[in-house]
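The values are calculated or read from the model by the stated rules, or taken from the named source; none is laboratory data. All values derive from a computational prediction rather than experimental measurement. Methodologically, a virtual Cβ is constructed for each residue, glycine included, from the backbone with ideal geometry; neighbour enumeration extends over all protein chains shown. Protein only, heavy atoms only, side chains kept; ligands, DNA and RNA dropped before computing areas. Shrake-Rupley method; radii C 1.70, N 1.55, O 1.52, S 1.80 Å.
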Amino acid sequence: MKHHTWDSKIRKIILLLMLFTIGSPAQIVLADQTSTPVENTSSFTIRDYENSSALQLAEAIRNKKVTSVQLVKFAYQEIEKQDSSLHAMITLRKDDALKEASEIQDTGQPFLGVPILLKGLGHTIKGGSNTNGLYFEKDVITQGTSRITKAFQDEGFIVIGQTNFPEMGIKNVTDSKLYGPTGSPYNSKYQAGGSSGGSASGVAAGYAPVATGSDSGGSIRIPASWNGVIGFKPSRAVTKFDSKSEHNQTSHFAETKTMSDTKKLFEDFSNGTASDVKLDPKIIKIAYTTESPVNTPVSADAKRAVQNAVDFLKHQGYQVEEVKYPINGTELMNDYDIIGAGSSGIINYLANNKLKRDLEIGDVDLTTWAIYQLGQSISKDDVLDAWDSVNKLTEQMQQFHQKYPIFLTPTTASTAPKIGDPLMTDSLEKRIRSMDGLSKEDKTKLVLDQWMPALTYSPFTQISNLTGEPAISLPTFVSAAGLPLGIQFNAARNNDRLLLQMGDLFEKNNKFNQKYVVNNTHNSVVSKPSPKPILKPKPINKPLPKHKESIFGLQVDDGTSAIKKNVPEENKLQNKENQTGNFPPVSHRATVAAPVMKHQILPQTGNKKSILSFVGIMAFSGVIYLKFKKNEF
């Protein structure tokens, strides 16, 4: 009886050991699953992210193929991989972006959960930088988010960070002494352009499918040309957030990869004033020229890009005629300079606000100083006279468009200059340093003279900002050296949709030549091999040139800052949409990679080791049982 009792106990012990052996791996696995992050098992890859439009990405989120959090992490992986060479970003907001991505609710936003880059000038976001590219404002931070930024967020976008731009948005290259130069992802030794240089470079590099931009003289279109993306400048006062003033030359929009995204953004932001003219080859006659409006050279690449477009359009049945440039470009640039100088008092206001003294030549680069000096010598009447002159040029363009609804030129007269290439001569620098004693007439001439080396690269873009007409740069050409160059279409005011249809025509006929291929025939995401390898040129270590610069109308904050409340009346010549604010800096661009989570079979949960444990326990139990039975007898 006693032996029987012990035999029963031994059997129970062995059974418990067996149950523990079988159950423990499952318990450990469950513990691992709750305490250890597991790898995303989605089939959606970073290549899908690179090769998709923003609308396709939003659809993928809705269809549960990917999450907004995953897309945001992809964006930061791209930035980590490339931005040490490109310098497209000046701030990142990774924690906030991931939080917003994880919390976003689907309320029908067309771009639900899609990453977007925010231009660092004018498009403010709470807690972000607002330096205006001025070194003495490097520590200014905004306390609010602008309505332009909010408009993009309302579309469903998640802001990843802010992009690089030149000082005050004045130049057609991005190379401020505060943030340094931005390069093109086609070759980072070459300029991304300005002033939306970081935005265009980031889109072309695959950081995000869309980046915000603003355009006072080509600031969206020039970077689009030099980075192989789409750059659309809407008509004056055609969007909900642009100023209605007839003296406004700044349009806010975006750098994009696809026409589908471009059109959707325009339709959502349109205030209903754009016309619905159809692009009909039987009706629409197209004019073109490759002549510079200011009699500067135009490269063979730019002429070839336009000729390719002409040949294509003729093949599509359009009437295309070569014409002389329809207005006096030198007169236009004189007006452009006076209008820009008329708002330059804001720079001195910022200096007084921050430095408690007037602006000095060492505070800014020489082009900014030249415009400021001209601004000190002109009156409000001079600015109004310049606008009267512009109105006459606008009437000439209206008459021109009655015969030719669409006007084709190169976007830029050449592919991008190298970072560090001089865009101002030594003699011009010397003259600018001593210009404060010059007459108004001599200052006006000097400002135009100092633009010319840089204006040679981009003489075609300023006209639409002063006339208020729409214009679009399309990415159709890449040079033998592997550098992109865009073609520009211009139309009569409010005929924005004509240009969007023209973009559609080129894209649907595979005339775009871009770094990444997007399948735009439908909204499904299709993984495709990248047509070109991601270029990773070595970082450029040589110092920046002494503020070599180029052309652009002053762009300042879009109207949300606190400082505008006390701006003196004489500094309000630029309309309120284009004034600046208080906020800012980031000491440097951060590059943060999304963590890579790798699934591991831990030693205690490995299948082979679990089986061995079970066999071991069984053998051990058997030995104990046999030994007990032997002693029993």
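When every residue of region 212-223 is checked against the conditions, at least one turns out to be under 19 Å from PHE157 (Cβ atoms), surrounded by 24 or more Cβ atoms within 10 Å (Cβ to Cβ) and either in contact with an Asp or Glu (Cβ under 6 Å, 6 or more places away or on another chain) or of a type outside the set (S, T, N, Q) (or both). Within region 139-150, does at least one residue satisfy the condition of being under 22 Å from LEU86 (Cβ atoms), surrounded by 24 or more Cβ atoms within 10 Å (Cβ to Cβ) and modelled with pLDDT of 95 or more? Checking region 139-150: not a single residue is under 22 Å from LEU86 (Cβ atoms), surrounded by 24 or more Cβ atoms within 10 Å (Cβ to Cβ) and modelled with pLDDT of 95 or more. The listed residues are PHE253, PHE241, and the only one of them that is closer than 22 Å to LEU112 by Cβ and in a strand (DSSP E or B) turns out to be PHE253. Residues that are in contact with a strand residue (DSSP E or B) (Cβ under 7 Å, 6 or more places away or on another chain) and hydroxyl-bearing (Ser, Thr, Tyr) within region 77-96 comprise SER85, THR91, listed in sequence order.
Just for region 309-349: of the residues that are open to solvent by 30 Å² or more (accessible area, probe 1.4 Å) and in contact with a strand residue (DSSP E or B) (Cβ under 7 Å, 6 or more places away or on another chain), which one is farthest from PRO281 (Cα to Cα)? Ranking the qualifying residues of region 309-349, first place goes to GLU322. So which of GLY161, GLY144, GLY194 is touching a residue at least 12 places away in the same chain (Cβ under 8 Å) and either within 19 Å of VAL114 (Cα to Cα) or in contact with a strand residue (DSSP E or B) (Cβ under 7 Å, 6 or more places away or on another chain) (or both)? None of the other options fit; the residue is GLY161. When ILE371, ILE361 are checked against the criterion of being in contact with an Asp or Glu (Cβ under 9 Å, 6 or more places away or on another chain), surrounded by fewer than 21 Cβ atoms within 10 Å (Cβ to Cβ) and of a type in the set (A, V, I, L, M), a single residue qualifies: ILE361.
Would region 184-193 turn up any residue that is touching a Ser or Thr at 6+ places or on another chain (Cβ under 9 Å), on the phi > 0 side of the Ramachandran plot and crowded, with 24+ Cβ neighbours inside 10 Å? Looking for residues that are touching a Ser or Thr at 6+ places or on another chain (Cβ under 9 Å), on the phi > 0 side of the Ramachandran plot and crowded, with 24+ Cβ neighbours inside 10 Å, one finds at least one in region 184-193, hence yes. Considering each residue of region 299-308, count those that are over 27 Å from the mean Cα position of the chain (by Cα) and crowded, with 20+ Cβ neighbours inside 10 Å, and give that number. Result for region 299-308: 0.
Scanning region 469-484 for residues that are under 26 Å from ASN248 (Cβ atoms) and not in a loop (DSSP other than H, G, I, E, B) yields ALA471, ILE472, SER473, LEU474. Listed by position, the helices (runs of 4 or more DSSP H) inside region 413-468 whose residues that are in contact with a strand residue (DSSP E or B) (Cβ under 9 Å, 6 or more places away or on another chain) and either at pLDDT 95 or above or within 18 Å of ILE170 (Cβ to Cβ) (or both) number at least 3 are 462-467. For region 267-290, a tally of residues being buried (at least 16 other Cβ atoms within 10 Å of the Cβ) and of a type in the set (Asp, Glu) returns 1.
Restricting attention to region 357-391, report how many residues are within 29 Å of PRO422 (Cα to Cα), in contact (Cβ under 8 Å) with a residue 40 or more places away in the chain and among the hydroxyl-bearing types (Ser, Thr, Tyr). The number of residues fulfilling the criteria is 3. Here LYS126, LYS119 are screened, and the one residue that is out of contact with any His (no Cβ under 8 Å at 6 or more places or on another chain) and open to solvent by 10 Å² or more (accessible area, probe 1.4 Å) is LYS126. Within region 85-93, is there a residue that is part of a helix (DSSP H, G or I) and either open to solvent by 60 Å² or more (accessible area, probe 1.4 Å) or of a type in the set (D, E, K, R) (or both)? Checked against the condition, which is being part of a helix (DSSP H, G or I) and either open to solvent by 60 Å² or more (accessible area, probe 1.4 Å) or of a type in the set (D, E, K, R) (or both), region 85-93 yields no hits at all. Can you say whether LYS403 is touching a Lys or Arg at 6+ places or on another chain (Cβ under 7 Å), open to solvent by 20 Å² or more (accessible area, probe 1.4 Å) and more than 27 Å from ALA192 (Cα to Cα), as far as the supplied structure shows? Against the criterion (touching a Lys or Arg at 6+ places or on another chain (Cβ under 7 Å), open to solvent by 20 Å² or more (accessible area, probe 1.4 Å) and more than 27 Å from ALA192 (Cα to Cα)), LYS403 qualifies. Name the pairs: first residue in region 288-303 and free of Cβ contacts under 8 Å to residues at least 60 places away in the same chain, second residue open to solvent by less than 20 Å² (accessible area, probe 1.4 Å), Cβ to Cβ under 9 Å, at least 6 apart or on different chains? Listed by first residue and then by second, the contacts come to GLU291/THR409; ASN295/GLY329; ASN295/PRO459. Here LEU55, LEU71 are screened, and the one residue that is out of contact with any Ser or Thr (no Cβ under 7 Å at 6 or more places or on another chain), at pLDDT 95 or above and open to solvent by less than 50 Å² (accessible area, probe 1.4 Å) is LEU71.
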